[in-house]
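None of the figures in this text is laboratory data; all of them are computed from the coordinates on show. Please read all numbers here as calculations on a predicted model, not as lab measurements. A quick note on method: Cβ atoms are made from the backbone with ideal geometry, for glycine too, and the neighbour counts reach across all protein chains shown.
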Amino acid sequence: MEMENMVGEAACGGPFSEAEPRNTGIEATGSSSKHKPRLTETNWDLFRLFFSVARTGSVNRAARDLGMSQPTLSRRLKELERNIGAPLFFRVSSGVKLTQEGQDLLRSAEEMVRSFEEFHRDLSLRVGHRSTAVKISATEGLTKHWLLPRVKKLRALSPQIRLEINSTVEQQNLATSDLDLVIRIGHPGDSELIGRRVGTIAFGLFASDSYLAEHGAPKVLNELVEHELIGSTAEYGRLHNERTSQITLLTAFNSAANARSTLTLMPVVNHFAATAQGLGLAFLPVPFALAEGLVRVLPDDTAVLDLWLLRRRESDLRRMTKQVWRFLEAELTNTTWFVGQRSAQKRLQRVA
């Protein structure tokens, strides 16, 4: 016969509280309300322990199954009995049996366990679905010319991967967009993100063949004021925080834009289309503009801005996100594509 060390001697006394007065839940006239049973404050874990003892019919066996000591389990069951205000078990030769209150609680506990198991299964499916999704934010140019050509490689990382790419130059609110990874040009800015500077991207001035045929190309930066201009560097999110007053190209372009009527349009991706239509000169990322077939003017005047790969700290818990992070990091740091042309790299003027 298995000995139940914490079993009481009578059904009415309960197996876990022989020497302790029990709160029956009946409040005497004039007594304080603090003596009422506080079932609503009972820890859910106590019900889990109760369910294990009720299922095995033994405190000792339940303790072994739960991986805890028998005295600890008995102490937790006494806590549950105190909260409920009634005995839940009485001693039998084979271990313990449920009192009437225990049987009532078991029926409720079984319903709770079933509900929790259903919830857990549903949550696992939803968590699994989100864990295979990697949400990336990048600018329109980065998405079109750099990220999309690498999607096949990204998909090869795992057959379960689901990519969600949000193409925008705007810095989104991470709390509402639930992004995992961000590729950002310019100052990272957002304290919600962690990451590293993975390289630089060259910016220059561009026009279309048709515009140059009609207006000619500027020979020096001072001549920009004589040309039609598209947009301004301030429209590139936080580029204006990169101490642009110290950068000759950016300063000259902004000064010329402020001195005459300028075509301003958003999002910034439309600057490429407007330039291709021959509407003026635009300040654009060199590799993206070249890929669009635009013509670079004043090629010796270049600004190089930092390229950042950033992530939410919480996303590290997702294995798929970590895989994609490592892939993007390797791709971004092992290329000179963003500079535009290797031979011009020494002449580039870097952001301080």
Please compute the net charge surrounding Ala252, taking Lys and Arg as +1 and Asp and Glu as -1 over other residues with Cβ under 10 Å from its Cβ. -2
Around Glu111: net Lys/Arg minus Asp/Glu count, Cβ-Cβ under 13 Å: -2
What order, most packed first, do the peptides 109-119, 59-69 have when packing is the mean number of other Cβ atoms within 10 Å of each residue? 59-69, 109-119
Cβ crowding within 10 Å averaged over residues, with 283-296, 94-107 ranked highest first: 283-296, 94-107
Whole-Hz ³J(HN,Hα) from phi, Karplus 6.51 cos²θ - 1.76 cosθ + 1.60, for segment 54-69, glycine and proline x: 5, 5, 8, x, 7, 5, 5, 5, 4, 4, 5, 4, 7, x, 9, 6
